[in-house]
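What follows is a set of notes on a single structure, which appears directly below.
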Amino acid sequence: MTISFEGRVAIVTGAGGGLGRAYALELARRGAKVVVNDLGAARDGTGQSDAALKVVEEIEQAGGTAMANGGSVTDEGQMIEMVAKAKEAWGGVHILINNAGILRDKSFTKMTMDDWRLVVDVHLTGSATATKAVWDMMREQNYGRILMTASSTGLYGNFGQANYGAAKLGLAGFTKTLYLEGAKYNVKVNTIAPVAGTRMTEDIFPPEAFKAFAPENVVPAALFLVSEDAPTNQIVGAGAGFFHTAHVTMTKGKMLSTDDRTPEGVAAHWAEISDREGETVPKSGADQSMTILQSLQG
Ligand code: NAD
C-alpha cells in the first residue's frame, strides 16, 4: 500500500525547522500542496525570521508545491487569512498539523505567570486557533485530518516543564472531544507525542542520540495519522524509529457500600479501586458514566 497525498492541501504550523519542516517536505514529496507556516521565532518564542520561505524553496527545488506563511498561531486574524489564501489558491484545506511550539522551561517555583501564559498560548490556544480556522471548511467538504502535537512531558511529566506539560496534555484532551464532533463529517483527529533531535532538544541529547532521533524518524507516524485511512482519537508516541500508542485508561473500580463512602472507606478499598487488571479505555466521558451506571445496576 502506498500512501499518497495527491490532490490534498496541508497546513503545517511551525514548519520552518525541526519536525514541521520534515513533515512538510514529505507531504509535498507525496503530492500534497503544503502551506509552510512559521513565524520564525527563537526557541523561547521571541523574534521572527524567514524560516518558512526557506522550506518552501526546498520543497519547490524538489519539484513540490508550497506556500509560505509567516503568521503566528496565536493570531486569529492571521490564521483565518492563511486558510483563506490556501482555499483561494488550491480550493480547500484537507490536513492540518498543529506543530508550532516554544519552550519556557523553569521549575514551577521560578516560573512566572507570563511564562505559563505564553507557552499555553502558543501550544494549546494556538492549536485551537489554527483548528478553528479550518474546522467549518473541513465539515463542509466532509473531509479533514487534524494532528495535534503533545509530548511525553504532557503524557507522563517532566521536571521544569509545568507550563508545557499542561498545554501538551491539554492538546490530547482537545483531540478527545474534537474527534467526537468531527466523526460525522469524516474529520479524524489524532495526537502525536514525538521525540526528536531538533533545536528544542539539542541541549538534552548527546550527539549520537541526536542523530538517532532525527525528525525524519517521526514522519512516518505523523503522515499515517493524517492519511486517508488514518485511525482517529489516537495518541501515538514516535521517536528514533520506535512507535507506540498511549491511552487514558479506567480501572475496573469498585462500587462502595453506603457505609464505606467516607475517606476511610476509600483508603480501605484503595487496592481494589486502583487495581489495573482489566482496565478499559472509555471512548468518551459518557462512556465512563455508562460504566458507572452499569456498576450501579449490577
Ligand atoms: P522547533 O523549535 O524546531 O520547531 C518549532 C517551530 O515552531 C519553530 O520553527 C518556531 O519558529 C515555530 N513557532 C514558534 N512559535 C510560533 C508561532 N506563534 N506561530 C507559528 N510558528 C511558531 O522544535 P521541534 O522539536 O521541531 O518541535 C515541534 C513540535 O514538537 C513542538 O510542538 C514541540 O513542542 C513538539 N515536541 C518536540 C519534541 C522533540 O523531542 N523535539 C518532543 C515533544 C514534543
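The values are calculated or read from the model by the stated rules, or taken from the named source; none is laboratory data. The structure presented is a predicted model; accordingly, all values stated were derived computationally and were not measured. Cβ: placed from backbone, ideal geometry, glycine included. Neighbour counts: every protein chain shown.
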query: Can you tell me which of Ala166, Ala238, Ala196 is modelled with pLDDT of 95 or more, assigned to a helix (DSSP H, G or I), within 14 Å of the ligand (Cβ to nearest atom) and under 16 Å from the mean Cα position of the chain (by Cα)?
result: Ala166
message: So if I check each of Arg43, Arg8, which one is more than 19 Å from the chain's Cα centre (by Cα), of a type outside the set (Ser, Thr, Tyr) and surrounded by fewer than 24 Cβ atoms within 10 Å (Cβ to Cβ)?
response: Arg8
- request: Scan the stretch 104-121 for residues that are among the hydroxyl-bearing types (Ser, Thr, Tyr) and either surrounded by 18 or more Cβ atoms within 10 Å (Cβ to Cβ) or touching a residue at least 40 places away in the same chain (Cβ under 8 Å) (or both) and report the count.
  value: 1
- line: Scanning the stretch 184-202 residue by residue, the ones that are surrounded by 16 or more Cβ atoms within 10 Å (Cβ to Cβ), over 30 Å from Arg139 (Cβ atoms), in contact (Cβ under 8 Å) with a residue 60 or more places away in the chain and not hydrophobic (A, V, I, L, M, F, W, C) total 1
query: Do we find that Ala68 is among the hydrophobic types (A, V, I, L, M, F, W, C), buried (at least 19 other Cβ atoms within 10 Å of the Cβ) and near the ligand (Cβ under 10 Å from one of its atoms) in this structure?
result: no
task: Scan the stretch 26-43 and report the pairs whose first residue is over 22 Å from Ile80 (Cα atoms) and whose second residue is near the ligand (Cβ under 6 Å from one of its atoms) and of a type in the set (A, V, I, L, M), with Cβ atoms within less than 8 Å and a gap of 6+ or a chain change.
output: Arg43/Ile102; Arg43/Met200
query: So is Leu53 more than 26 Å from Asp229 (Cβ to Cβ) and part of a helix (DSSP H, G or I) or not?
result: yes
statement: Ala222 meets each of (1) over 27 Å from Ser284 (Cβ atoms); (2) surrounded by 21 or more Cβ atoms within 10 Å (Cβ to Cβ) with one exception, condition (1)
field: Every residue from the stretch 169-183 that is buried (at least 18 other Cβ atoms within 10 Å of the Cβ), away from the ligand (no atom under 16 Å from the Cβ) and either of a type in the set (Gly, Ala, Ser) or more than 13 Å from the chain's Cα centre (by Cα) (or both)
entry: Gly182
Hits in the stretch 17-41 (condition: over 15 Å from Ala222 (Cα atoms), out of contact with any strand residue (DSSP E or B) (no Cβ under 7 Å at 6 or more places or on another chain), within 14 Å of the ligand (Cβ to nearest atom) and not hydrophobic (A, V, I, L, M, F, W, C)): Gly17, Asp38, Gly40
- request: Could you please find all residues in the stretch 96-120 being assigned to a loop (DSSP other than H, G, I, E, B) and aromatic (Phe, Trp, Tyr)?
  value: Phe108
query: Among the residues of the stretch 215-222, is there at least one that is within 14 Å of the ligand (Cβ to nearest atom) and in a loop (DSSP other than H, G, I, E, B)?
result: yes
- request: Working only within the stretch 78-95, note down all residues that are touching a Gly at 6+ places or on another chain (Cβ under 9 Å) and either away from the ligand (no atom under 13 Å from the Cβ) or part of a loop (DSSP other than H, G, I, E, B) (or both).
  value: Glu81, Ala86, Val93, His94, Ile95
Search result, residues across the stretch 56-77 that are farther than 11 Å from Gly126 by Cα, part of a helix (DSSP H, G or I) and in contact (Cβ under 8 Å) with a residue 40 or more places away in the chain: none
message: For the stretch 110-151, give me the residue count where each residue is more than 16 Å from the ligand (Cβ to nearest atom) and over 20 Å from Gly14 (Cα atoms).
response: 12
statement: Checked the stretch 266-298 for anything without any contact (Cβ under 8 Å) to a residue 60 or more places away in the chain, in a loop (DSSP other than H, G, I, E, B) and under 22 Å from Thr232 (Cα atoms); matches are Glu279, Val281, Pro282, Lys283
- request: Considering only the stretch 246-279, state which residues are of a type in the set (Ser, Thr, Tyr) and surrounded by 14 or more Cβ atoms within 10 Å (Cβ to Cβ).
  value: Thr251
